[in-house]
Amino acid sequence: VDASPTPGTTYWTIGAHTKFAMTNDDICNCNKSADRLILPVQDFTTHTGPLRLQYSAVFTKASTTTETAKVEVSTNGGTTWTTVATITNSGLAWVDNLTAPLSAYSGMNNVLISFIYNDAGTWGDGLAVDDVMLIETPAVDAQLLSALTTEYTVFPRTQVPASFPINVSVKNVGTQALTGTVVTTKVFVDPNFTTPVNTYTQTIPTIAVAGTENVVMATFTPAIASGSYVFQHYVTATGDPLHMNDTVYTSVTIDQSEYARDNGNPTQAIGVGAGSTCVIGSSFDITMNARMDSVLVFFNAPVADVGKEVQFKISPIVGTTPSLTYIGQSAPYILTAGDVGGAILVLPVTA
């Protein structure tokens with residue numbers, strides 16, 4: 001796939017990631033019970049150290065499906081397969097630096113490795129895979145697991161916080177303790193990705209084998225009135241020969257009126273029993289007086305829900321509990337056949 005800004009289809013619009021491989025059940029609603037992407041035959045006879053597969057992926061699992069995505073290995077030409085990793089639901093977000101252990105196959109030849117997607121006989125979404133690498137674990141290898149600037153990915157101008165912490169997580173995936181590990185965060189303002197407006201560094205003296213360290217890089221103060229900050233986080237360690245799993249990007253956008261809190265993952269799945277009513281919500285920090293004029297969500301409705309009612313209600317939070325005294329709501333919306341399988345609902349707040 002040569003990715004556009006929003007590759008995928010109407011209900012599965014995943015983020016751009018240059019070129020990648022994808023199986024898309026949303027576009028065909030066909031039999032994808034065993035869609036495999038098989039790597040070329042591997043010869044590991046000269047590799048006796050720890051081996052792993054590393055990759056990036058998007059696996060979107062709708063609430064009404066039992067789709068699965070796995071990494072499997074075969075040593076008999078594909079007659080039988082063994083699961084070495086299960087890919088978990090990432091919503092619509094790309095997850096980088098995923099790994100699958102392959103040390104059990106060190107010293108073997110004729111090893112097949114595959115990604116397999118199974119739609120479980122339903123109309124599902126799909127699986128996208130990129131940045132596939134086979135790595136013989138070196139003695140020294142630092143991996144940047146994740147980075148979080150804020151759970152909010154979009155702020156309206158009136159609600160931009162005075163500051164928020166930049167958190168980074170680093171793991172030792174090598175075979176000996178890490179020393180002199182340096183974590184760096186560079187902050188760019190889109191579209192200038194050449195000159196950072198801020199640069200922060202932190203040093204971690206030692207990380208034990210398989211150990212993880214969480215680092216607060218800095219407390220960042222937004223300065224632009226509108227636009228997007230892009231945060232480039234990367235890690236280096238003394239003697240680390242690899243630089244394949246060392247960089248993570250996050251972003252924060254300041255908008256005229258949109259407010260989005262999804263912690264980088266805009267998809268959540270909840271199942272409700274027949275005949276039951278479900279109340280689900282998100283909390284937002286309102287620091288300045290503001291007017292809410294609409295609510296936007298992606299809603300995945302099965303056929304059985306056509307004709308049922310959806311309504312948004314706004315309430316203050318008392319302590320940690322939402323109040324049942326509502327200060328605003330939308331008009332009720334009746335689900336239609338056009339909402340089956342997923343639809344973006346934008347409902348005006350009427351009172």
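The values are calculated or read from the model by the stated rules, or taken from the named source; none is laboratory data. On a predicted model such as this, the values are computed, not experimentally measured, just so you know. Counting neighbours? That spans all protein chains shown, and the Cβs are built from the backbone with ideal geometry, glycine included. Only protein heavy atoms, including side chains, enter the accessible area calculation; ligands, DNA and RNA are left aside. Shrake-Rupley method; radii C 1.70, N 1.55, O 1.52, S 1.80 Å.
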Considering the chain as a Gaussian network with a 10 Å cut-off on Cα pairs, which listed residue, 295, 154, 129, attains the greatest mean-square fluctuation?
-> 295
For the residue 79, residue 236 Cβ pair and Förster radius 25 Å, calculated FRET efficiency rounded to 0.05 is 0.05
Using a Gaussian network for the chain with springs between C-alpha atoms less than 10 Å apart, which of these wobbles most: 118, 24, 289?
-> 289
Vicinal HN-Hα couplings computed from phi for region 92-109 (Karplus, 6.51 cos²θ - 1.76 cosθ + 1.60; Hz; Gly/Pro x) | 9, 8, 5, 10, 9, 6, 6, 9, 9, x, 10, 4, 5, 10, 4, x, 9, 10
Please arrange 37, 335 by accessible surface area, largest first, computed with a 1.4 Å probe and ligands excluded.
-> 37, 335
Global form of region 118-211, assessed from the alpha-carbon gyration tensor, a/c cut-off 1.5 | oblate
Can you list the aspartates and glutamates whose alpha carbon sits under 18 Å from that of residue 32, skipping same-chain ones fewer than 8 residues off?
-> 67, 72, 119, 125
Check cross-link reach from residue 171 to the lysines: straight Cα distance under 25 Å, and skip same-chain residues fewer than eight apart.
-> 70, 186
Where 233, 17 fall by accessible area, highest first, once all protein chains stay in place (1.4 Å) = 17, 233
Which aspartates and glutamates have a Cα lying under 15 Å from the Cα of residue 308, excluding residues fewer than 8 positions away in the same chain?
-> 339
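Using only alpha carbon pairs under 8 Å that are at least six residues apart, calculate the relative contact order of region 52-211 and give it in whole percent. Could the numbers behind the result be given before it?
Numbers: 305 pairs, mean separation 35.2, N = 160.
Rounded, it is 22 percent for region 52-211.
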Counting only protein heavy atoms and using a 1.4 Å probe, what share of the accessible area of region 272-346 belongs to carbon plus sulfur, as a whole percent?
-> 58
18 Å cut-off, amide nitrogen to a point 7 angstrom out along residue 323 Cα→Cβ, residues in region 291-312 | 291-292
For region 27-173: rounded, prolate or oblate by the Cα gyration tensor [a/c cutoff 1.5] | oblate
Normalised by the number of residues in the chain, what is the relative contact order in percent for Cα pairs under 8 Å and 6+ residues apart?
-> 16
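Output the relative contact order of region 21-109, whole-number percent, from Cα pairs under 8 angstrom with separation of 6+ residues.
Working: 115 pairs, mean separation 34.6, N = 89.
Result for region 21-109 is 39 percent.
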Would you mind checking which residues have amide H under 5 Å from residue 137's amide H? H placed 1.01 Å from N; only 5 or more apart, or other chain.
-> 51, 52
If the label point sits 7 Å along Cα→Cβ of residue 45, residues of region 74-110 with amide N under 15 Å come out as 106-110
For the chain, Cys with no neighbouring Cys Cβ under 4.7 Å = 278
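Can you bin region 18-72 into rounded, prolate or oblate? Criterion: square roots of the alpha carbon gyration tensor eigenvalues sorted a ≥ b ≥ c, rounded for a/c under 1.5, prolate for a/b above b/c, oblate for the rest. Let's see the in-between values first.
Values: a/c = 2.43, a/b = 2.30, b/c = 1.06.
Prolate is the answer for region 18-72, as a/c is 1.5 or above and a/b outweighs b/c.
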